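These notes are about the structure you will find just below.
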Amino acid sequence: MSNSEVSWLSWLFSITVWKERFLGLQKRITDLPDNLRIATLTSWRDKERGLAVFAGVFLASLVITLVLIYGVGLSQAFLEESIEQTVFDSKIEFKSAPEQGASGWTNDTVVLQQMCDEVVLRKEFNDCTLVLGKSGLHSEISWGNDAAFYASPLLMESIESSDQDKKWDTKDLWNYEYTTGPPVINVRAISFLGPEAFDGVLAERLSENIIYEMGEWKTHEEVNNERGIYIPLDIASAAGAEVGDNLDTLTFTYTYERSLPGAMEDEDCPGEIIEGQEYRLMYCQVKLSLENVTILGIYEPWPQGNPVLAANPIYSTWTLLSEEQQITLIDKDHVYLGIAVDRSLLPTASISAAETWLDEISNDMQKQTFDNGNVKIFYVDIISGTILWLEFVLGFVQVFDYILMIPVVILSLYLLIYGLELSLEQRRREISIHRSIGATADKLKGMVLFELFIISSAAWVGGYILAFFAVPIILSSVGFMQFESLDIDINPVLSIGATFFTILATLGLALLFGRSRTQKFLEMEIDEGVKKTAQSGKPRTWLHVIMLFIGTLGAIDTYQELSTGGTGIISNWFLGGLINIFGPFMLWIGGALLLSRLGAYGPKIMLFFFKRTPLLSDVKRGLQNTGSSESTTRLSLIMLLTLSIVTLAAVQGYTGSLVDERTADLQIGSDIKIYSTEPMTSTEIEEAVLNISSKDITVNALTVPMISLESEDGTDANAYVLMNGSENILRWFPQAIPGKDISNAVNAYEGGGFSAGPDMAFSLDLEGSGRFGDPADRLYKENDKESEVMNFTWEKTEIILTNIDPNSTMTPDEAFEYYTNLMDRDWSSIDLSNQDLSNRNFSRTDFSNTNLSGVNFANSNLNESLFFNVNLREANFTGASLTNTIFVVTSNNVANLDFTDANLSGAFSFYSVNLTSPNFEGATCPDGSIQNESNNCETGFSESPTPLLFPVYFPASFEVQITSYQTSMRYIGIHEFIPGVATNEMNNYLIINEQGYRNLVGDQQVNNLTATTWIVDIDGLNNDELQVLALLIAADSRFEGADDWETTHENVERNGGIIFGTQGLFTLQYLVASAAAIASAFVFLSLVLNQKKKELAILQAIGASPGQIIRLVLFEILSIVFFSMILGIILGMGLSLAFNGFFNIFGFLFQLFSGTGEEAVISRILQWPWWVITQVTLGVMTVVVIALVFTTRRALRADLAVVLKGE
């Protein structure tokens, strides 16, 4: 063993060494209270120095913690809003389906309720109730799990009422398509709840959707005594039901037995055998009835959620059922315990954390048994299934939010470092003096770092705590600097790792920087530390210029896209995308570093203009050498950074709020959009709304009909018709119309003008389409060469009967009238083109002379309906039932039809129609055969009259008579959309005026115009009253539904035109940057002026008066601050433009990944809220003046000899 090894081992095991180390540690612990007190006092001895450190660390701690905790809060809000649509968070079923003689289950409701009581004793759950409803799954729901088809709900069969005005016998009233999960049986369900569901947490959840003035969620005693039920709004609307209606009999069915197709015979079923969707199973359904029940409430349906529960059922309580009925339902497995999880305990740090917590509960519950082991259960976690899809979407949202917060984080870290630099620079001379009197380097370093640790720790704690209080406020932002209370409780918690990161990023950075700077001071020569200031390195100007150039390129590209509607100066999409993403940050950093030098020269610039004025004539010499020091450049840089972020946040925040409003304008068009069950006139709509509302209101209704035209060169052109008065009803905004002036554009329409979408303008060779360059958003006047007058033709098609059987006892008109009187619905002579009429009941509907081009009739019932002289081009009949339907159409009006899986058996036509173009894949042909490779329904429509037609059928021939009508209109420019009208095809449509429409179809048709979709303007109601009115309209049997502007706006108002939470981020940026600007102006400016004490003392010593010194200081610093703020605002304007391209990229990606499949329609036309920006500017200037006067007066009161001797 070598001598060095012996020496090292002797030191390691030396008792003396360890004793000394222990005594030293003991002394440090003993001295810690005194050292803390002394360090606290000395750190605040120079308040400006202490405030600089405190402000920098506090702001950095606040911002970084806010960014991290905002992500956590956003995750919690996202999660809460996603699961709040589910009443039950989990359910408990029997482990296996009940069987007579088998163990592991019970039909004793008392035991089942006791199970609920035991469940609620667990801290994870806060409510539970016994439910008789959808049968058990007994396994997790997953793709390909056929057990899902065995879980059938209690199905509504019928309701009988003595009130003849109600429509409980409406055909297909109880049909209901379940859109989530596997298709089982598309029939409305009914669920019977236990007493616990009528108080507590479950009652709160169920009562939230009870519509105002349409009942209330009552106590169980009231529901039981009144024999109450609750029905969804769509059922109430279809049946004309109201709260308080007494129903004689409510009949529903339970599943007695299930089997594979063909395995069950009628004699095996005591009820009725029905087949499930896609013929997966056969169900034997047995009826049960309730007598004398009353409607106690009508609720707004929830969005369909997890398919383990029946969506939007009829609700009642199982205590209305007889004991025999209860036992029967339990024996047939129509039973489960519905459970409410204590959502406040749900981890929200991440979706995966929530899933882990839920999995732990699920695994533990699966092991539980009840009733002394006699009841074995299967626990179904509903929340986990609901939030699975959120993980990816939320991750994408958080990435976007973190990127958007990069400027504020950089600003906070820069202020932290700048505050430390200013503070430690004040100690440079102090450290040198201590060294000259014998202080060691370790002692000095420890002293500085300990003091820095004390003040930084206090600042970190303050910022950390404030962030937690601020996040719920920021998350409640529904617009820029607009707040509404959240419907959910936000209790964000940072993980230990995230908290440690905030400590490292703030406190750790402060200590690391302090150690580095102190070490640098200690390495200086003593006289250098006392007499000289630190020399700063030369900036990399070339790098700053390159960054500014690239960022400016992106801003100009975005500006050109906004102003011209073209592609911008960067045509390559990949290169443009990169610049849109990275350009804003390059512009901000490069621009701030370069412009800060210009801002620091503000005094010289102002001196050039004012040096001969009395204001500066006697102090101009003192201003000759300003603008060159590093401290003034740093001050200018801070003002630039903060004001640029303030401008960016204010501009993009207000723009986002406007985009949200315009999104609602586009979807609704006005105050309410109404969908009627039958075609109605504007007068009928207005009268109906007036009668429904109990308020004194003014109602104006407008519809936007369509018409198929042909241009003079033969181009087919579909057109929307803009009726007169639209300016006062529709919520127009400049993006929609040609040009920027709405009033001028509407007047141009009403004066005989028409506009075209870009694609249609291209087809017609019109200006603005892009054919002759980038499309121009201009309103063309009559004398403009681009404004062409074009002729359009509309062809009216009439079918004339010829060669009528002379033995017929009825005239054709009498026969037609007879048959149309047999129809249940009159949808004749209206324009329904491109409407979505899927999953509807249109049996026995008269569609005579109606435009049905592009209509979606998928899965609708059209049995025995009449299609006389209709336009069916490109209509979608996928899965529709067209049994015994009558077609009187021309071959060219049935082009490109889709009859996939449709049932056309018995469909009749008076004459042969070429059916080679439609798609008949999987369809039942009119002759009853099934389409296959050898049979494509070539036989055409049936030639045998339908049973309904037979009594008035007579052989005849038909002639098609086409009459052409023409009108001339002037082209006024390109459009984008009409508020309230679907936008998917607007690029390929015309918008024509009412007079042109009248010239084509005649005044009589326009004066009696009917439609099923109406856009309604209502005066006299506030937003809440408007929401109530929309619900009342939707509950009326005359209407399919109604959408109001306020509800639509609420759905998007937190998005800022991009994604959830954006408005909160802009508000956060604005508040933090404003606070940083004001704090910097006060705290850091004081230190900057402290460095100028000797300069001020010299001026005072050579005869300068206090007034002259104050004017000199005020003019110098205010010039720097003023110019820097102006440059910061200009930089912020460029940033706002550059970030528009950034938002377009992320908006497109978000829509792509979220599955919307369409780009955002509303353009982010920047708004410039100058007053908001001016408020911050004035606030900063006020603080600067106060700080200058305060600091300068204190400097003037100082002892000249002491100040001059100080260096």
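Here, each number is a calculation from the coordinates, and none is a lab measurement. These numbers were taken from a predicted model, which means no experiment stands behind them. Virtual Cβ from ideal backbone geometry, glycine too; neighbours counted across all protein chains shown.
From most to least packed by mean Cβ count within 10 Å, the peptides 1175-1181, 117-123 give 1175-1181, 117-123. With Rh defined as the Kirkwood radius, the inverse of the mean 1/r over Cα pairs, the Rg/Rh of the stretch 152-318 is 0.97. The modelled label-to-label distance for the pair Phe483/Asp1019, using points 7 Å beyond Cα in the direction of Cβ, is 3.6 nm.
For the stretch 75-135, the convex hull spanned by the alpha carbon atoms encloses 114 Å³ per residue. Amide hydrogen proximity for Ala189: with H placed 1.01 Å from N in the peptide plane, the residues at 5 or more positions away or on another chain lying under 5 Å are Met156, Ile314. Across the stretch 455-463, rounded Karplus estimates of 3J(HN,Hα) from the backbone phi angles (6.51 cos²θ - 1.76 cosθ + 1.60, θ = phi - 60°) give 6, 5, 4, 4, 5, 5, 4, x, x Hz, Gly and Pro being marked x.
The relative contact order of the stretch 152-318, computed from alpha carbon pairs under 8 Å that lie at least 6 residues apart in sequence, is 35 percent.
Here the 3J(HN,Hα) profile of the stretch 1133-1138, calculated from phi with Karplus coefficients 6.51, -1.76 and 1.60 at θ = phi - 60°, is 5, x, 4, 4, 5, 5 Hz, Gly and Pro shown as x. Considering the stretch 239-285 at the alpha-carbon level, its Rg and Dmax are found to be 15.4, 45 Å. Close amide H pairs (under 5 Å, H built 1.01 Å from N) link Ser139 with no residue at least 5 positions away or on another chain. Using 7 Å Cα-to-Cβ label points, what is the Asp765/Thr963 separation (nm, one decimal)? Label at Asp765, label at Thr963, 3.3 nm between them.
Close amide H partners of Lys166, meaning residues 5 or more places away or on another chain with modelled amide H under 5 Å apart, do not exist here.
Ranked by the mean number of other Cβ atoms within 10 Å of their residues, highest first, the peptides 315-321, 130-136 fall in the order 130-136, 315-321. Give me the distance in nm between label points sitting 7 Å out from Cα along the Cα-to-Cβ direction at Thr939 and Asp248, one decimal. About 4.5 nm, to one decimal. Whole-Hz Karplus values for the stretch 779-788 come out as 9, 7, 8, 4, 8, 5, 5, 6, 7, 9 Hz, taken residue by residue from phi with 6.51 cos²θ - 1.76 cosθ + 1.60 and θ = phi - 60°; glycine and proline positions read x. Fewest-first ordering of Val1016, Val1113 by other beta carbons within 10 Å of each residue's beta carbon gives Val1113, Val1016.
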